[in-house]
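Visitor: One structure, as structure tokens, below. Some questions next.
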Amino acid sequence: MTEDLDLTLFLGGTRSGKSALAEALVTARAQGPVWYLATARPLGDDDAMHERIRRHRSRRPACWHTLECPRHPGRELERLLAAHAGDGPVPTVLLDCVTLWMSNILFALDDPHDAAAFEAGLTEEVEGLLHAMRAFPCRWVLVSGETGLGGIQAGPLARIFDDGLGLANQMLAAQARDAFLVVAGRCLRLEKLTF
């Protein structure tokens with residue numbers, strides 16, 4: 001069994017407070033530079049998404065560094081962290097959010113209804129991020145949606161997405177030191193069971 005990474009994972013539904021709690025944790029504990037990986041990208045005239053992104057930006061301290069990274073965060077982080085290796089205190093990396101990252105993977109496919117291609121693509125990218133996490137001594141904080149609590153979706157594309165996000169969340173939680181489920185701004189610690 002490998003040692004857990006210095007990784008905290010916040011899971012929750014839409015507007016559960018998971019991002020705000022992740023940001024509060026980083027603010028309270030970060031002793032070095034903070035890199036914020038934003039996976040959302042505003043598309044077209046989606047005013048609601050533009051407003052959501054604006055709200056997230058306004059909460060971030062000015063001293064945090066933002067990297068917009070809709071795909072391949074492991075690759076982007078390895079370049080960034082290698083360039084800053086050994087430069088003072090251990091950095092903290094906050095990725096918000098895994099849900100939109102997975103959505104970006106799904107809709108980059110030639111056929112988003114190809115569940116096997118989605119699983120292969122997300123597995124490759126999540127493993128790339130985990131590789132970067134193992135390679136660089138950082139504090140890692142990730143935020144992800146928990147979409148599977150409402151039952152099995154009626155539409156095939158929604159089912160493919162929910163299954164893929166569930167797999168990505170499991171892969172990340174398996175390596176996390178701490179994982180929390182956030183509901184109405186309150187946290188439940190998720191324990192690992194070994195049998």
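The values are calculated or read from the model by the stated rules, or taken from the named source; none is laboratory data. Bear in mind the structure is a predicted one, so any value in this text is a computation, not a measurement. Every residue, glycine among them, receives a Cβ derived from its backbone with ideal geometry; neighbour counts consider all protein chains shown. The protein model used for the area step is the full one, side chains on, heavy atoms only, and it has no ligands, DNA or RNA in it. Shrake-Rupley method; radii C 1.70, N 1.55, O 1.52, S 1.80 Å.
Visitor: Checking residue 51 against (1) at pLDDT below 85; (2) under 28 Å from residue 118 (Cα atoms); (3) of a type in the set (Asp, Glu), which test does it fail?
Guide: Condition (2) is where residue 51 drops out.
Visitor: Please indicate, with yes or no, whether at least one residue in the stretch 70-84 is outside any helix (DSSP H, G or I), in contact with a strand residue (DSSP E or B) (Cβ under 7 Å, 6 or more places away or on another chain), under 20 Å from residue 32 (Cβ atoms) and among the aliphatic types (A, V, I, L, M). Full working, then the answer.
Guide: Step one: of the stretch 70-84, the residues outside any helix (DSSP H, G or I) are 70-72, 84.
With the extra rule that they be in contact with a strand residue (DSSP E or B) (Cβ under 7 Å, 6 or more places away or on another chain), the set shrinks to none.
Checked against the condition, which is being outside any helix (DSSP H, G or I), in contact with a strand residue (DSSP E or B) (Cβ under 7 Å, 6 or more places away or on another chain), under 20 Å from residue 32 (Cβ atoms) and among the aliphatic types (A, V, I, L, M), the stretch 70-84 yields no hits at all.
Visitor: Could you please give the count of residues in the stretch 77-115 that are more than 21 Å from residue 10 (Cβ to Cβ) and in contact with a Cys (Cβ under 9 Å, 6 or more places away or on another chain)?
Guide: Filtering the stretch 77-115 for residues more than 21 Å from residue 10 (Cβ to Cβ) gives 78-89, 106-115.
From what is left, the residues that are in contact with a Cys (Cβ under 9 Å, 6 or more places away or on another chain) are 81.
Within the stretch 77-115, residues that are more than 21 Å from residue 10 (Cβ to Cβ) and in contact with a Cys (Cβ under 9 Å, 6 or more places away or on another chain) number 1.
Visitor: Of the conditions (1) open to solvent by less than 60 Å² (accessible area, probe 1.4 Å); (2) touching a helix residue (DSSP H, G or I) at 6+ places or on another chain (Cβ under 8 Å); (3) not β-branched (Val, Ile, Thr), residue 33 fails just one. Which one is it?
Guide: (2)
Visitor: Let me ask you something else. Report every pair of residues separated by at least 6 positions or lying on different chains whose Cβ atoms are under 8 Å apart, first residue within the stretch 71-82 and farther than 12 Å from residue 136 by Cβ, second assigned to a loop (DSSP other than H, G, I, E, B).
Guide: Listed by first residue and then by second, the contacts come to 73/39; 76/69.
Visitor: Pairs needed: first member in the stretch 150-169, touching a residue at least 24 places away in the same chain (Cβ under 8 Å); second member anywhere, in a helix (DSSP H, G or I) and polar (S, T, N, Q); C-beta distance under 8 Å; at least 6 residues apart or different chains.
Guide: Listed pairs, sorted by first residue: 161/103; 165/99; 167/123.
Visitor: Looking only at the stretch 53-70, count how many residues are in contact (Cβ under 8 Å) with a residue 24 or more places away in the chain and of a type in the set (Ser, Thr, Tyr).
Guide: Within the stretch 53-70, the subset in contact (Cβ under 8 Å) with a residue 24 or more places away in the chain is 56, 59-61, 63-70.
Those still in the list that are of a type in the set (Ser, Thr, Tyr) too: 66.
Residues that pass the stated criteria total 1.
Visitor: Name the one entry in 145, 166 that is farther than 27 Å from residue 91 by Cα and open to solvent by less than 40 Å² (accessible area, probe 1.4 Å). Before the answer, list the steps.
Guide: Details: 145 fails: farther than 27 Å from residue 91 by Cα.
Checking each option against the conditions leaves just 166.
Visitor: Report the residue count in the stretch 85-112 for those that are closer than 25 Å to residue 34 by Cα and part of a loop (DSSP other than H, G, I, E, B).
Guide: Within the stretch 85-112, residues that are closer than 25 Å to residue 34 by Cα and part of a loop (DSSP other than H, G, I, E, B) number 8.
Visitor: Okay, moving on. Do we find a residue being in contact (Cβ under 8 Å) with a residue 60 or more places away in the chain and either open to solvent by 50 Å² or more (accessible area, probe 1.4 Å) or farther than 22 Å from residue 108 by Cα (or both) anywhere in the stretch 36-48? Full working, then the answer.
Guide: So in the stretch 36-48, the residues in contact (Cβ under 8 Å) with a residue 60 or more places away in the chain come out as 36, 39-41.
From what's left, either open to solvent by 50 Å² or more (accessible area, probe 1.4 Å) or farther than 22 Å from residue 108 by Cα (or both): 36, 41.
Yes: one or more hits.
Visitor: Taking residue 85 as meeting all but one of (1) under 29 Å from residue 150 (Cα atoms); (2) surrounded by fewer than 16 Cβ atoms within 10 Å (Cβ to Cβ), write down the number of the exception.
Guide: All conditions pass for residue 85, except number (1).
Visitor: Within the stretch 113-160, restricting attention to residues that are among the charged types (D, E, K, R) and assigned to a loop (DSSP other than H, G, I, E, B), which residue is farthest from the chain's Cα centre (by Cα)? Reasoning before the result, please.
Guide: At the first step, the residues of the stretch 113-160 found to be among the charged types (D, E, K, R) are 114, 119, 124-125, 127, 134, 139, 146, 159.
Next cut, assigned to a loop (DSSP other than H, G, I, E, B) only: 114, 146.
Numbers: 114: 23, 146: 12 Å.
Filtering the stretch 113-160 for residues that are among the charged types (D, E, K, R) and assigned to a loop (DSSP other than H, G, I, E, B), the one farthest from the chain's Cα centre (by Cα) comes out as 114.
Visitor: Right, something else. In the stretch 95-131, how many residues are of a type in the set (Phe, Trp, Tyr) and either in contact (Cβ under 8 Å) with a residue 60 or more places away in the chain or crowded, with 20+ Cβ neighbours inside 10 Å (or both)? Full working, then the answer.
Guide: Of the residues in the stretch 95-131, the ones of a type in the set (Phe, Trp, Tyr) are 101, 107, 118.
Keeping just the survivors that are either in contact (Cβ under 8 Å) with a residue 60 or more places away in the chain or crowded, with 20+ Cβ neighbours inside 10 Å (or both) gives 101, 118.
Final tally of qualifying residues: 2.
Visitor: I've got another one for you. Here is a list of conditions, (1) in a helix (DSSP H, G or I); (2) modelled with pLDDT of 95 or more; (3) open to solvent by 50 Å² or more (accessible area, probe 1.4 Å), and residue 188 meets all of them except one; can you say which number that is?
Guide: The number of the failed condition is (1).
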